[in-house]
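Enquirer: Okay, handing you the structure first.
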Amino acid sequence: MSTQRVFHGVRLLPIAALLAFTLALVGCKGGGDAEAKEADKGPDAVPVEVTQVARRPIAASYANTANLEPVAESQVVAKTSGVALQVLVEEGQQVRAGQVLVRIDPDRARLQAAQSSAQLQKLEANYRRAQQLAAQQMVSANDLDQLRFDLENARAVNRLANLELSYTNVVAPISGVVASRSIKSGNFVQINTPIVRIIDASRLEATLDVPEREIATLKPGLPVRLQVDALPGRTFEGLVDRVAPVVDGGSGTFRVISAFDGSDALQPGMFGRLRIDYDQRANALTIPRLALLDDEGEPAVYVVRDGKAVRVQVALGYQDGAFVEVREGLAEGDAVVTAGKVALRDGSAVQVIGPQLADAAGAAVGDGNGELQ
């Protein structure tokens, strides 16, 4: 017998089927409403970090690298041969000009000086007697002239012998510090052999080969900041000492020599990073360099206005470390995007997160006293 019931000729559906049909209708209606709401919501906002355009001092500068060199250096060589009886200095020792560094065996040179001295005395005596005889017309004028010439030659030989004797005391030609010595006591020294190297580290120089486009901006007296890899975190002050007046035709560069006072920290040969500031602006409109877009077109940034990112072209001025000067395109207080630029397009909706103040960005990138850019 059928389980369905008939009421006045109308067949009734089971209760379970009726409920299922009703829920299906409600579900279809609800799903349509959710899809419509999702379509009306639009794309998600892009999270970005911003900083405000602010005013700060900025400098125009030229940066490059060079090795430090001593202002004076001398490679001391032996001017005579012999055994080194005494080596009187060690590496790292301060010496003054004229100080004896090495004593070479002087015996041979001393005997030659004594021999030449005796010959000189003999000729001086002969010349005095010849002068007396010439006054009595007992010696011809030619003989007297010959004796005078022999006497002058003997004097020159004696001076040369004494000079050779003086070479047995090797002296410092300049004041400074002994950088190296290549002999020990008892060694035989050949003439013209380098034996001691002296450097004057009281003043150090760094020579830069600068492109010719900078020749109108770099002048003597400009301040120079120096950082060396061996002393991280320290900055040394110096000045541009000399600027070459000509440009090298082969390389298209000219030489700029910067000078620094020597110290226990700075040493010759150190590799340094130099920055020469040639102009200053005390109240420049600036943004962090990382706010600039990385495309190859005109310099531009994204500015947040009314919750959207607006692409703005800018005219740039000086670049100083982590900051860059803006000459046109932005106003003080504008919020420029510093993080999240890659996902943005002109008109994209944005959600600002993270640091939003210029001073916070400044603290993050440094105040210009850190690494030279």
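Enquirer: Each residue of segment 310-325 in turn: what ³J(HN,Hα) in whole Hz from Karplus with 6.51, -1.76, 1.60 and θ = phi - 60°, glycine and Pro shown as x?
Expert: Karplus values, whole Hz, x for Gly and Pro: 10, 6, 10, 7, 10, 9, 9, x, 6, 10, 9, x, 8, 10, 9, 7.
Enquirer: Further question on the same structure: Tell me which aspartates and glutamates have Cα within less than 14 Å of LYS341's Cα, excluding those fewer than 8 residues away on the same chain?
Expert: By straight Cα distance, LYS341 reaches GLU49, ASP294, ASP295.
Enquirer: Which ³J(HN,Hα) values, rounded to whole Hz and listed in residue order, are derived for segment 104-117 from phi using the Karplus coefficients 6.51, -1.76 and 1.60 in 6.51 cos²θ - 1.76 cosθ + 1.60 with θ = phi - 60°, glycine and proline given as x?
Expert: Residue by residue, segment 104-117 yields 9, 3, x, 4, 4, 5, 5, 5, 5, 5, 5, 4, 5, 5 Hz.
Enquirer: Roughly how big is segment 76-195's charge dipole about its Cα centre, with Cβ charges of +1 (Lys, Arg) and -1 (Asp, Glu), in debye to the nearest 20? Don't skip to the end; give the middle numbers.
Expert: Working: 13 positive and 10 negative charges, 35 e Å.
It works out to roughly 160 debye.
Enquirer: So if each residue of separation counts as 0.36 nm, and I subtract the Cα-Cα distance between ALA331 and GLU296, what length gain in nm does that give? Write down the numbers at each step before the final one.
Expert: Values: separation 35, 0.36 × 35 = 12.60 nm, distance 2.36 nm.
Full extension from ALA331 to GLU296 adds 10.2 nm.
Enquirer: Which ³J(HN,Hα) values in Hz, rounded to whole numbers, follow from the phi angles of segment 142-152 under the Karplus curve 6.51 cos²θ - 1.76 cosθ + 1.60, where θ = phi - 60° and Gly and Pro get x?
Expert: Each residue's phi maps through the Karplus curve to give 5, 5, 5, 5, 4, 5, 5, 5, 4, 5, 5 Hz.
Enquirer: Here is a further query. If you add up the charges near THR193, with Lys and Arg at +1 and Asp and Glu at -1, over every other residue whose beta carbon is less than 14 angstrom from its beta carbon, what do you get?
Expert: Numbers: positive: LYS79, ARG181, LYS184, ARG197; negative: none.
So the surrounding residues net to +4.
Enquirer: Taking amide H positions as placed 1.01 Å from N in the peptide plane, with prolines and chain starts having none, which residues 5 or more places from LEU316, or on another chain, fall under 5 Å of its amide H?
Expert: Amide H neighbours of LEU316: ARG327.
Enquirer: About the Cα centre of segment 227-346, what is the dipole size in debye to 20, counting +1 per Lys and Arg Cβ and -1 per Asp and Glu Cβ, all else neutral? Mind showing how you got there, number by number?
Expert: On the way: 13 positive and 19 negative charges, 42 e Å.
Charge dipole, segment 227-346, about its Cα centre: 200 debye, nearest 20.
Enquirer: Near the amide H of PHE323, under 5 Å away, which other amide H atoms are found, from residues 5 or more places off or on another chain, if H is placed in the peptide plane?
Expert: ARG289
Enquirer: Hey, another quick one. Would you please give the residues with an amide H less than 5 Å from that of THR65, counting only those at least 5 places away or on a separate chain, with H modeled from the backbone geometry?
Expert: LEU274
All of the numbers you see were taken from the coordinates with simple rules; none came from a lab. Predicted model, so just to flag it, every value in this text is computed and none were measured. Don't worry about glycine lacking a Cβ; one is built from the backbone with ideal geometry, like all the others, and counts go over all protein chains shown.
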